[in-house]
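The structure appears below as structure tokens.
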Amino acid sequence: MNKQSMTDTIVSAKAARGLTWEAIAKDIDVSPVWLASACLGMNSAPAAIAKKVTDHLSLDDDVTAALVAFPTKVWDQAVPTDPLIYRLYEVVGVYGDTLKEVIQEKFGDGIMSAIDFSMEVDKIEDPKGDRVLLTLNGKFLPYKTW
């Protein structure tokens, strides 16, 4: 089973059971952001966690094996058209250079890791309209001189 078939199977099983990433993650004790990423094929899962996911959704061992398999992280290089994903693309387009400048002033010449990394998505209730709080937490990796 490839990652796309795995994703289709997991998303279908999740929908059929009326589950959320948050609920599944709580039941198997992982981050809902990480869980969704692994189930959408962008990360591999340790075997024990993959088994918990597939047991929770009553899925076969081929799905477990696909969850454990190392992904090839490829995504569409075109400008995204989904409104939510486009807004994140827009944030990076508008504020990317600003973030780079501020991060490098604080840390030096380097990058934020997306490997030694965590992310949280929180809802902040506000009478003027609920807010989305994204927390990106990555290790700073300085460029080395040799």
- Item | Exclusive hit being part of a helix (DSSP H, G or I) and of a type in the set (Gly, Ala, Ser), set 36, 78 | 36
- Note on the structure: All-but-one check, residue 12 against (1) outside any loop (DSSP other than H, G, I, E, B); (2) closer than 19 Å to residue 119 by Cα, failing number (2)
- Here is a list of conditions, (1) polar (S, T, N, Q); (2) in contact with a helix residue (DSSP H, G or I) (Cβ under 8 Å, 6 or more places away or on another chain); (3) not assigned by TED's automatic domain parsing to the domain that holds residue 14, and residue 58 meets all of them except one; can you say which number that is? (3)
- Message: Exactly one of these conditions fails for residue 55: (1) within 20 Å of residue 5 (Cβ to Cβ); (2) loosely packed, with under 11 Cβ neighbours inside 10 Å; (3) without any contact (Cβ under 8 Å) to a residue 40 or more places away in the chain. Give me its number.
- Response: (2)
- Message: Give me the residue from region 65-83 that is modelled with pLDDT under 95 and among the aliphatic types (A, V, I, L, M) and, out of that set, nearest to residue 134 (Cα to Cα).
- Response: 79
- Query: Quick one: residue 96 ticks every box in (1) touching an Asp or Glu at 6+ places or on another chain (Cβ under 8 Å); (2) under 22 Å from residue 136 (Cβ atoms); (3) not hydrophobic (A, V, I, L, M, F, W, C) bar one, so which box is it?
  - Reply: (1)
- Message: Among the listed residues 91, 121, identify the single one that is outside the structural domain of residue 9 (by TED's automatic domain parsing), β-branched (Val, Ile, Thr), at pLDDT below 95 and surrounded by 11 or more Cβ atoms within 10 Å (Cβ to Cβ).
- Response: 91
- Task: Filter region 124-145 down to residues that are over 28 Å from residue 45 (Cα atoms) and of a type outside the set (Lys, Arg) and give me whichever is modelled with the lowest pLDDT.
- Result: 145
- Task: Please work out if residue 125 is touching a residue at least 40 places away in the same chain (Cβ under 8 Å) and either in contact with a Ser or Thr (Cβ under 8 Å, 6 or more places away or on another chain) or not hydrophobic (A, V, I, L, M, F, W, C) (or both).
- Result: no
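The values are calculated or read from the model by the stated rules, or taken from the named source; none is laboratory data. Since the structure is predicted, the reported quantities are computational estimates derived from the model, not experimental observations. Ideal geometry is used to build each Cβ from the backbone, glycine not excepted, and the neighbour counts take in all protein chains shown.
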